[in-house]
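S.K.: Take this structure first; my questions come after.
The values are calculated or read from the model by the stated rules, or taken from the named source; none is laboratory data. It should be emphasised that the depicted structure is a prediction, and the values quoted were computed from it without experimental measurement. Glycine gets a Cβ as well: all are built from the backbone with ideal geometry, and neighbour counts include every protein chain shown. The protein model used for the area step is the full one, side chains on, heavy atoms only, and it has no ligands, DNA or RNA in it. Shrake-Rupley method; radii C 1.70, N 1.55, O 1.52, S 1.80 Å.
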Amino acid sequence: MIIEIWTKEKYAGNEEASFIGRLAHAGLKIEAARLSRLYRVDAEFTRDEFDKLGSSLLTDPITERYSLSPGKTGLKDAYRVEVWLKESVTDVVGESVKEAITGVMGKAPGAVRFGRAYYVRCDSEVKLKHAVTRTLVNAVVNKFKIEKV
Amino acid sequence: MPTTLSAFNGLDEKELAELDAACGWSLSGLELKEVQRQFRKMGRQPSRGELETIAQTWSEHCKHKTFSGPVSFRDGGKVKKYKNLFKETIVKATKTLNKKWCLSVFTDNAGIVEFGTGGKWGLAFKAETHNHPCAVEPYGGAETGVGGVIRDILGVGLGAKPVLNTDNFCFGRLDTKKKLPRNSHSPERIMRGVVEGVRDYGNRIGIPTASGGIYFDDGYLLNPLVYVGCAGLIPVDKIEKKVLPGDLIVSIGGRTGRDGIHGATFSSANIDEETSASAVQIGHAVNEKKTLDVLMRARDLGLYNAVTDCGAGGFSSAIGELGSDTGARVRLEKAQLKDTRIEPWEIWVSESQERMILSVPEAKLGKLETILNAESCEYCVLGSFPGDGRLLVTHGEEKVVDLPMAFLHGGVPNFEKPAARRKVKISAAPPARPAGLGAVLKDLLAHPNVCSRHSVITQYDHEVQGGTAIKPLQGKYGDGPGDATVICPRAATLDQEDFAGFAVTHGFGPGVGRIDPYQMALHSVDEAVRNLLCVGADVSRTAILDNFCAASPRDPEVMGDLVLAAEGCHDAAMAYGAPFISGKDSFYNQAKDAEGKEYPIPISLLISATAPVRDVRTAITMNFKEAGNPVYLAGVSCRGMGGSVYNDMTYSGNNQVSPLDMEASVKLYAALSKAMKAGCVAAAHDVSQGGLGVTLAEMAFSGGFGAELDLSGAAAEKGLTPLELLFGESPARLVLEVVKEKEAEFLKLVKGRPVAEIGYVSEEPVLEALLGGERFFREDINDLKRCWKKELI
């Protein structure tokens, strides 16, 4: 299960502006962007249990929203860039979240991996891919995919 | 496993080289032959684990073969031979100076000097580089660099409590036009990753990151330099450590995984497109914090006899070092693993982070386990130190390593490296004077090597622990560029009545090094000492660290630069009475550019310095404080624009480096130190990058005051041009704001020294500089500040 968390629109201005600036530096002009965090939790939990993790452990309910169905951040007609550490790379955030989940649920998930998703409205997937590899992804440690949402 | 490994003893030179490349050992042909000879003598083939152990133990990173080896230096017709360059320069100065306040030098994970007045505490200080990992993965590389140097402080003596992190970086120009090779990162990206890595690790572990610098030069385009340092407090009675036969080997902290295999040998290799992901290490600050907390509690209860960190080389290096006299019996199946899909030899050499090795008497293991469990810190008992001088490593029934320690630590062959002085064409012609010196000043303030670093500095938590008395950003608006940081380490001493502190700063000048590596070393030491003086530290007790970075030592001119810089270090340390207490070197900082040509870094020497501040309440900051106070320039302005920011911006036609008069500087600083102690100085700022004009501008806009200045009285070398006076970077100069009521006392204390009044602090926010009747510039300080305050990141 992947739990996706993003900042509510009214609080997301700074992070989005900073992100747009970074991609502009890499030569990509984008109209709008949204950023989210991803937690891939490998566990035999029920949907209610995953909901509990999303709502009471991983999300700040005042400034953030979460979804168990990736891609619900509300930015339409955009590309979604999903970035993860390769499986062979130690994921310290994932490890910490795994410990926290064990504390909350009283049972340990098999693994937790941390990633990020970037929603980008721009005119070219090719240019986006180029900018992503120059700014967001290091091929030595990351894997990523781009899809239209 | 490479098929030729099992026939190692019979391989020819070419096959050995191929095997070395396939396994990533970075051993030379001579070293491989020596290993082969030793195993032939033993009458058996080596195991993979043994070869890996030898490769890391003999690596440049662990053995410092270049700096500690023999060198033949050719300078024109003269040849000078060194048996051990490091010992005959750096160590020699420290030994000759023989300062009683040096408590531990060059023997442990960090140098230690006395701290405070009660004789109870020592200050441990260490700086490291993590260049190659940062070139491959900037964020992870920087994080683990910080984690590693913190562990050096945790692993010095029986453990010091870290109270300060330092960070110095060299990147390619962010506006570079050079074409980068495929797979290399842009300087902007490297900088962002490195800054975020240093920030996240330091902030999460709760140690202030409060002293450092950033230098931009296209020489670092493919090989960024990332110097990270740490200072900590240790009780003087906890400095000695000794492994006793029978002690248990206990690993605490992080688990062992496949991350970071071959980090030690990787640092001896040029980076290219084939660089493997396995050299990447990932940091976990929270695990290191747990380790730190366990160590401090266990140390004070005397629960272990020795400790060291698992750095490059992992268990192999740490256990090998601790057991170098006693030998070690290691059972790798006991190790806590991240991943079970790992070969025994990989467990042995893995550089997984946040691990420390303790030498624990069996009777004290129970108490140690109680603390480890209370702090949720993972651990395992890996074996023991038997006292037979033999290193025996097994995994179940499999023998991984079985070697005599004497061969491992004493068997590395070394050979004489040729070194030669690089020829540099020097032009001593008077520099061309541009029109509009005010415009030049603004351009200099906006130059990447001068402009504000606030967008980086403010990402770091430099207040955590509550001891940062003089902060990296200073002045009326909290954004002025400080010369040094002053720490009052009460978080370690727990004495709320004690105001004793220490200052930390750096000196760095690769621009000078390109022209004259010897003068670069002198200038760097001088800059560091001068920075300490600017905050009111007791510079007669300066202790320094050397961190050399260079390209391939196989190039005689690179070795020549190193020899000259090392000689400069020796001479400067002797002149300033400032012993080196620790240091590190990093070679092979070169890579192939987009055209396939070798792209080496310039010789780079970071001098990190510390000196005591007896009472942090009396420390001085750099901004102008009060209108009407007189402004003085201390030191002689000398001819030469060599190595200056101005020359980087617009070549002036003069690349002569101003030589440093060390004897005069020491006398000047001693007099200024007395004046500072007497409370005569309200503000002090060194003249360095950008020259006098930049120093004056920074003091003005950081204080919100202007200044009316006439530089005609300044002490100057004959023939000095206005450009050299304003924007030349001749060393040993600082600008002082003197307390008006104490001006007479100040003049008495500095009598006979080159200290000249050059004007007054003014209420009007305008910086005006004249030379007799000629106006150099008249600029609004807010305009100057706007030029300077750029967002780097």
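S.K.: Can you give the accessible area of B:C549 in Å² (nearest 10), computed on protein heavy atoms with a 1.4 Å probe?
M.R.: 0
S.K.: For peptide A:87-96, what's the mean number of Cβ atoms from other chains within 10 Å of each residue's Cβ?
M.R.: That average works out to 6.
S.K.: At 1.4 Å probe size, with the rest of the protein present, what percent of the exposed accessible area of the protein assembly as shown is carbon and sulfur atoms?
M.R.: 50
S.K.: Please report, to two decimal places, log10 I(q)/I(0) for the range B:622-793 at q = 0.09, 0.13, 0.20 Å⁻¹ as given by the Debye formula with identical point scatterers on the Cα atoms and no solvent.
M.R.: -0.29, -0.61, -1.40
S.K.: Going through the range B:57-108, which chymotrypsin sites (Phe, Trp or Tyr not before Pro) have at most 15 other Cβ atoms within 10 Å and a DSSP loop state?
M.R.: Numbers: sites: B:W58, B:F67, B:F73, B:Y82, B:F86, B:W101, B:F106; in loops: B:W58, B:F67, B:W101, B:F106.
The qualifying sites are B:W101.
S.K.: Follow-up question, since we're still on this one. Return the sequence-ordered ³J(HN,Hα) values of the range B:382-392 in whole Hz as given by the Karplus equation 6.51 cos²θ - 1.76 cosθ + 1.60 applied to θ = phi - 60°, using x for Gly and Pro.
M.R.: Each residue's phi maps through the Karplus curve to give 8, x, 8, 9, x, x, 9, x, 10, 9, 10 Hz.
S.K.: Amide H to amide H, which residues 5 or more places from B:I214 or on other chains are under 5 Å from it, using H placed in the peptide plane?
M.R.: Close amide H contacts, sequence-distant or interchain: B:F169.
S.K.: Nearest 500 deg cm²/dmol is fine: what mean residue ellipticity at 222 nm does the protein assembly as shown get from its DSSP H runs of n ≥ 4 alone, each adding -39,500 (n - 2.57), divided by its residue count?
M.R.: -9000 deg cm²/dmol
S.K.: Order these peptides, B:704-711, B:661-668, by their mean beta-carbon neighbour count within 10 angstrom, highest first.
M.R.: Ranking the peptides B:704-711, B:661-668 by packing returns B:704-711, B:661-668.
S.K.: Still on this structure: For the protein assembly as shown, what is Rg from Cα atoms divided by 2.2 N^0.38 Å, rounded to two decimals?
M.R.: On the way: Rg = 28.3 Å, N = 942, 2.2 N^0.38 = 29.7 Å.
Cα Rg divided by the expected 2.2 N^0.38 Å: 0.95.
S.K.: Using a 1.4 Å probe and ignoring any ligands, DNA or RNA, find the accessible area of B:I54 and quote it in Å² to the nearest 10.
M.R.: Answer for B:I54: close to 0 Å² accessible.
S.K.: Here is a follow-up. Compare the peptides B:506-512, B:410-416 by average per-residue count of other Cβ atoms within 10 angstrom and give them in order, highest first. All intermediate terms of the calculation are to be shown ahead of the outcome.
M.R.: Values: B:506-512: 26.1, B:410-416: 14.1.
Descending mean neighbour count gives B:506-512, B:410-416.
S.K.: What angle, in degrees between 0 and 90 and rounded to the nearest 10, separates the Cα long axis of helix B:437-446 from the longest principal axis of the Cα atoms of chain B?
M.R.: With rounding to tens, the tilt is 20 degrees.
S.K.: Further question on the same structure: Taking only the alpha carbons of the range B:3-46, what extent do you get along each of the three principal axes, in Å, biggest first?
M.R.: Cα spread of the range B:3-46 along its principal axes, largest to smallest: 25, 22, 15 Å.
S.K.: Under 8 Å for C-alpha pairs, at least 6 residues apart: give me the relative contact order for chain B, rounded to a whole percent.
M.R.: Values: 2035 pairs, mean separation 113.9, N = 793.
Normalised by residue count, the contact order of chain B is 14 percent.
S.K.: I'd like the trypsin sites (Lys or Arg not before Pro) in the range A:45-128 restricted to DSSP loop residues with at most 16 other Cβ atoms within 10 Å, sorted by number.
M.R.: A:K72, A:K76, A:K86, A:K107
S.K.: Å³ per residue of the Cα convex hull, for chain B?
M.R.: 150
S.K.: What do you get for the angle between helix B:138-154 and the principal long axis of chain B? Use alpha-carbon atoms, 0 to 90 degrees, nearest ten.
M.R.: Between helix and principal axis, roughly 80 degrees.
S.K.: Here's another thing I want to ask about it. The range B:1-81: percent of C-alpha pairs farther apart than 22 Å?
M.R.: Working: 1069 of 3240 pairs.
So the portion of pairs separated by more than 22 Å is 33 percent.
S.K.: On to the next question. Kindly provide the pair-distance distribution of the range A:2-148 built from C-alpha pairs, with 5 Å bins from 0 and whole-percent values in order of increasing distance.
M.R.: 2, 9, 19, 21, 19, 16, 9, 5, 1, 0
S.K.: Given the Cα atoms of the range B:392-460, and with Rh set as the inverse mean 1/r over their pairs in the Kirkwood sense, what is Rg to Rh to two decimals?
M.R.: Across the range B:392-460, the Cα-based Rg/Rh ratio is 1.42.
S.K.: Follow-up question, since we're still on this one. Partner chain Cβ atoms within 10 Å, averaged over the residues of B:633-644 - can you pull that number for me?
M.R.: 0
S.K.: Given the whole protein assembly as supplied and a 1.4 Å probe, what does the accessible area of B:V636 come to in Å², nearest 10?
M.R.: Spelled out: B:V636, probe radius 1.4 Å, area about 60 Å².
S.K.: A further question on this structure: With just the Cα atoms defining each centre, how far is the range B:62-124 from the range B:701-717? Give it in Å.
M.R.: Going from one Cα centre to the other spans 40 Å.
S.K.: When only DSSP loop residues count, what trypsin sites (Lys or Arg not before Pro) in the range B:332-380 have their Cβ near at most 13 other Cβ atoms within 10 Å?
M.R.: In loop regions of the range B:332-380 (DSSP not H, G, I, E or B), the sparsely surrounded trypsin sites (Lys or Arg not before Pro) are B:R341.
S.K.: Here's something else I'd like to know. Averaged over peptide A:134-140, how many Cβ atoms belonging to another chain are found within 10 Å of each residue's Cβ?
M.R.: Partner-chain Cβ atoms within 10 Å, mean over residues of A:134-140: 5.
S.K.: Going by average Cβ density within 10 Å per residue, which order do the peptides B:486-495, B:723-732 take, highest to lowest?
M.R.: B:723-732, B:486-495
S.K.: Next up: Protein chains only, probe 1.4 Å: how do B:T394, B:T340 rank by accessible area, largest first?
M.R.: Most to least solvent-accessible, the answer reads B:T340, B:T394.
S.K.: To the nearest 10 degrees, how steeply does helix B:187-205 sit against the main Cα axis of chain B, on a 0 to 90 scale?
M.R.: 70
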